[in-house]
Amino acid sequence: MIVSTPYVECYVKRSFLSDTPIYEKDETIFGILIGIRYIRGRAPLYVVYLPTIGAVYDKVDQCAIFKRKTTPDIPISMGDVGWWDSISDYWQLIQIKFLKGFTISSTSRSGISMSGKYLFTCDPQGKSELDWGQSECWHEHKTKTYFFDEITGVLVSTPNNKMRVFDSSLSTDPPESPNWLRVYNDIEHPERTSHETNLKLGNNNSFTYKK
């Protein structure tokens, strides 16, 4: 399934469009992000319009998309920019208006801290007649929120339970500890309780939140 994105100007590493991908510093071409292709069980692919050559390239890897023409010297792979593969073939993209201008902070699987301004959120949709994936299991159901990392410039997506959201006028500095906050719990429907066994944020090493 392809979902349309808002108009997002970007730069794409040329090597990912033509030959052997270069994960370190690479030449880029200007593009406009116009869609995301979600296929359950694999990383999403991105649809980018390349106006200088009039092409729509529909299979761009996320780690090849940047907000600046110049890319960093350090290697950036798929494990640095996203967490899990798609848990459904069906997704809905929304821009949560309240989060516009907010800073999203996340830590990648490789331990790199990244942060940047909120772009949009994608939510997996269950299709019972077609999809038997984790999108229908609410303790596994996780949205993906997107931002460009301020330091490297790369496009990042993070699940809702791996990120923190900050606003200069609403958030405290430093932020309070979240270790009292439940990871997931539903007293009325215990079968929906997550495999985290009711551990609180800050007490579970599976989460990036710290005490």
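The values are calculated or read from the model by the stated rules, or taken from the named source; none is laboratory data. Keep in mind it's a predicted model, so treat the numbers as computed, not measured. Neighbour counts are summed over all protein chains in view; Cβ atoms, including those assigned to glycine, are modelled from backbone coordinates with ideal geometry.
Screening ARG42, ARG37 for residues that are touching a strand residue (DSSP E or B) at 6+ places or on another chain (Cβ under 8 Å) and of a type in the set (D, E, K, R) leaves exactly one candidate, ARG37.
Within segment 84-94, being out of contact with any Phe, Trp or Tyr (no Cβ under 8 Å at 6 or more places or on another chain) and buried (at least 16 other Cβ atoms within 10 Å of the Cβ) holds for one residue alone: ILE87. VAL12 satisfies every condition listed in (1) surrounded by 13 or more Cβ atoms within 10 Å (Cβ to Cβ); (2) outside any strand (DSSP E or B) except (2). Within segment 40-52, the set of residues being free of Cβ contacts under 8 Å to residues at least 24 places away in the same chain and either in a loop (DSSP other than H, G, I, E, B) or not assigned by TED's automatic domain parsing to the domain that holds VAL156 (or both) comprises PRO51, THR52. For segment 26-81, taking the residues that are hydroxyl-bearing (Ser, Thr, Tyr) and buried (at least 19 other Cβ atoms within 10 Å of the Cβ), the one that is farthest from TYR146 (Cα to Cα) is identified as THR28. Do the conditions hold for SER108, that is, is it crowded, with 18+ Cβ neighbours inside 10 Å, modelled with pLDDT under 95, farther than 17 Å from ARG37 by Cα and in the same structural domain as ARG37 (by TED's automatic domain parsing)? Yes; evaluated as a whole, the condition is true for this residue.
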